[in-house]
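Each remark here refers to the structure printed beneath this line.
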Amino acid sequence: MTVISTSLAQALREARLVAVLTGAGVSAESGVPTFRDAQTGLWAKYDPHELATPAAFRRNPKLVWDWYAERRAKLAEVEPNPAHHALAELERRVPHFLLATQNVDGLHARAGSRNLVELHGNIARVKCSACGAIAGEWSEPASSEPPRCSKCNAFLRPDVVWFYELLPADAQIAAEKAAHECDVFIVAGTSGEVYPAAELPQRARRAGARVVEVNPEPTPLSAIAHDVLRGPAGVMLPALVRAAFG
Ligand code: OAD
């Protein structure tokens with residue numbers, strides 16, 4: 001039985017604006033690998049500098065394209081889990097809500113989240129690596145080399161944020177605004193190691209919000225959380241919404 005403090009449940013019930021930051025841990029119970037979990041994380045098996053940087057794509061576009069195509073194909077077999085559904089339910093229960101996710105798996109939208117910003121893009125979408133033209137959703141199997149832009153003939157690439165790249169400005173601005181204005185900030189399933197996303201809960205704390213961390217493990221963000229729900233998001237988030245709204 002998960003115990004949520006009555007003061008946290010009340011704070012959520014009375015909140016005008018709730019902001020949320022999620023990371024790969026929220027999709028872990030859907031079977032989507034995280035990045036930094038010791039044995040199972042993607043960065044435990046692959047070198048991010050070989051696969052998730054602009055230089056890697058320039059060096060070996062087919063290797064990078066195929067790796068994202070493989071991850072995209074696996075996502076076709078997974079479903080949102082109770083953590084995603086709890087956040088979609090929370091959005092329906094509070095007056096104002098914003099969910100900023102670092103995840104590129106599209107599972108929050110599939111669970112019904114609407115006020116959603118994808119800080120690191122979306123793996124289902126591809127864009128031109130040169131002119132930036134969005135080429136839409138992509139599910140074709142990998143061909144001999146990445147497909148080419150119909151406008152400028154450069155290689156298409158996944159529309160995700162790689163290391164050393166800027167976040168989509170509109171998403172970052174919306175997330176920072178919500179962090180400054182929210183009454184409750186929930187940070188779930190993130191190691192808090194990647195910036196600027198990890199700055200959001202700290203901005204919320206400085207602006208006076210009540211910060212809640214949901215993670216089975218301690219992170220650098222645990223120290224700034226008023227409430228720590230030390231367990232899996234698929235258990236803790238439904239318990240939190242139930243405690244606040246029945
Ligand atoms: P990480 O893999 O760095 O962290 C995953 C976090 O989820 C860890 O703190 C785990 O303890 C926690 N976790 C694991 N299972 C969980 C569960 N069932 N419920 C809740 N939490 C759980 O993933 P992120 O923090 O999302 O960026 O990584 C941030 C960014 O680094 C990603 O967006 C990606 C990566 O490199 C880029 O690729 C640009």
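Okay, here's what the table says:
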item	result
Hey, R92 open to solvent by 30 Å² or more (accessible area, probe 1.4 Å) and away from the ligand (no atom under 12 Å from the Cβ) or not	yes
The one condition in (1) touching a helix residue (DSSP H, G or I) at 6+ places or on another chain (Cβ under 8 Å); (2) closer than 27 Å to H84 by Cα; (3) surrounded by 21 or more Cβ atoms within 10 Å (Cβ to Cβ) that W162 fails to fulfil	(3)
Residues (touching a strand residue (DSSP E or B) at 6+ places or on another chain (Cβ under 8 Å), in a helix (DSSP H, G or I), among the small types (G, A, S) and surrounded by fewer than 23 Cβ atoms within 10 Å (Cβ to Cβ)) located in the stretch 199-238	S222
Filter result for D170 (closer than 16 Å to G121 by Cβ, of a type in the set (D, E, K, R) and open to solvent by 40 Å² or more (accessible area, probe 1.4 Å))	yes
E181 being under 19 Å from A24 (Cβ atoms), modelled with pLDDT of 95 or more and more than 16 Å from the chain's Cα centre (by Cα)	no
Set E176, E193: member being open to solvent by 10 Å² or more (accessible area, probe 1.4 Å), in contact (Cβ under 8 Å) with a residue 24 or more places away in the chain and not in a helix (DSSP H, G or I)	E193
Lone qualifier among A239, A223 - being of a type outside the set (S, T, N, Q), in contact with a Ser or Thr (Cβ under 6 Å, 6 or more places away or on another chain), farther than 17 Å from T101 by Cα and within 15 Å of the ligand (Cβ to nearest atom)	A239
Members of the stretch 57-89 that are of a type in the set (A, V, I, L, M, F, W, C), open to solvent by 70 Å² or more (accessible area, probe 1.4 Å) and free of Cβ contacts under 8 Å to residues at least 40 places away in the same chain	L63
Subset of the stretch 33-56 (residues that are closer than 19 Å to H108 by Cβ and surrounded by 20 or more Cβ atoms within 10 Å (Cβ to Cβ))	T34, F35
Identity of the residue in the stretch 148-173, in contact (Cβ under 8 Å) with a residue 12 or more places away in the chain and touching a Phe, Trp or Tyr at 6+ places or on another chain (Cβ under 7 Å), that ends up farthest from the ligand (Cβ to nearest atom)	R157
Candidates I186, I134, filtered to the one that is within 16 Å of the ligand (Cβ to nearest atom) and either of a type outside the set (D, E, K, R) or loosely packed, with under 12 Cβ neighbours inside 10 Å (or both)	I186
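Residue by residue, here is whether (1) open to solvent by less than 30 Å² (accessible area, probe 1.4 Å); (2) farther than 11 Å from P158 by Cβ; (3) hydrophobic (A, V, I, L, M, F, W, C); (4) not in a loop (DSSP other than H, G, I, E, B) holds:
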| residue | (1), (2), (3), (4) |
| --- | --- |
| S113 | yes, yes, no, no |
| N122 | yes, no, no, yes |
| R125 | no, no, no, yes |
| E140 | no, yes, no, no |
| S144 | no, yes, no, no |
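The values are calculated or read from the model by the stated rules, or taken from the named source; none is laboratory data. If you're wondering where the values come from, they're calculated on a predicted model, not measured in any experiment. Note that we place each Cβ from the backbone using ideal geometry, even for glycine, and neighbour counts take in every protein chain shown. Just the protein is used for accessible areas: all its heavy atoms, side chains included, with ligands, DNA and RNA removed. Shrake-Rupley method; radii C 1.70, N 1.55, O 1.52, S 1.80 Å.
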